[in-house]
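Comments concern the structure below.
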Amino acid sequence: MRHRYGLDQAGYDALFAEQGGVCAICKEVPTPRNTRAHWDGKLCVDHDHDTGRIRGLLCNDCNLAVGYGKSSEALRAAAEYIDRYA
């Protein structure tokens, strides 16, 4: 984490505590089902790929959704699409 995000274990732990120990989006606690195997049960460090700024900690599903969504406009449009057929 330190090399890739500039975040040491203490920084991760502080962010995890600040988020209440849950994913910043879906609010689920980390489990083997929603975390990446090589992260040892830790949430993904979400960051802006352009600036490198850390936004928060996400479960793997939410991290993938944000990554594939590419922009807040695309994610809002996807949410509206899902709501239209709910």
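Give all pairs with beta carbons closer than 9 Å in which a residue from region 51-64 that is in contact (Cβ under 8 Å) with a residue 60 or more places away in the chain and within 14 Å of Y12 (Cα to Cα) meets a residue that is surrounded by fewer than 16 Cβ atoms within 10 Å (Cβ to Cβ) and hydroxyl-bearing (S, T, Y); count only pairs at least 6 apart in sequence or on separate chains.
none
Counting just the residues of region 1-48 that are β-branched (V, I, T) and over 12 Å from C62 (Cα atoms), which one comes out modelled with the lowest pLDDT?
So in region 1-48, the residues β-branched (V, I, T) come out as 22, 25, 29, 31, 35, 45.
Next, only the ones that are over 12 Å from C62 (Cα atoms) stay: 29, 31.
On the way: V29: 96, T31: 93.
Among those residues, the one meeting the criterion is T31.
Looking only at region 24-73, which residues are under 11 Å from the mean Cα position of the chain (by Cα) and small (G, A, S)?
Residues satisfying the conditions are A24, G56, A65, G67.
Please specify each residue of region 37-50 satisfying the condition of being of a type in the set (D, E) and touching a residue at least 12 places away in the same chain (Cβ under 8 Å).
Of all residues in region 37-50, those of a type in the set (D, E) come to 40, 46, 48, 50.
The one that is of a type in the set (D, E) and touching a residue at least 12 places away in the same chain (Cβ under 8 Å): D46.
Where the second residue is of a type outside the set (D, E, K, R) and surrounded by fewer than 17 Cβ atoms within 10 Å (Cβ to Cβ) and the first is in contact (Cβ under 8 Å) with a residue 12 or more places away in the chain and lies in region 10-36, which pairs have Cβ atoms under 7 Å and are six or more apart or on separate chains?
Y12/M1; E28/V22; P30/G41; T35/G41
The values are calculated or read from the model by the stated rules, or taken from the named source; none is laboratory data. As the structure is a prediction and not an experimental result, all values here were calculated from the model. Glycine also receives a Cβ, built like all others from the backbone with ideal geometry; neighbour counts cover every protein chain displayed.
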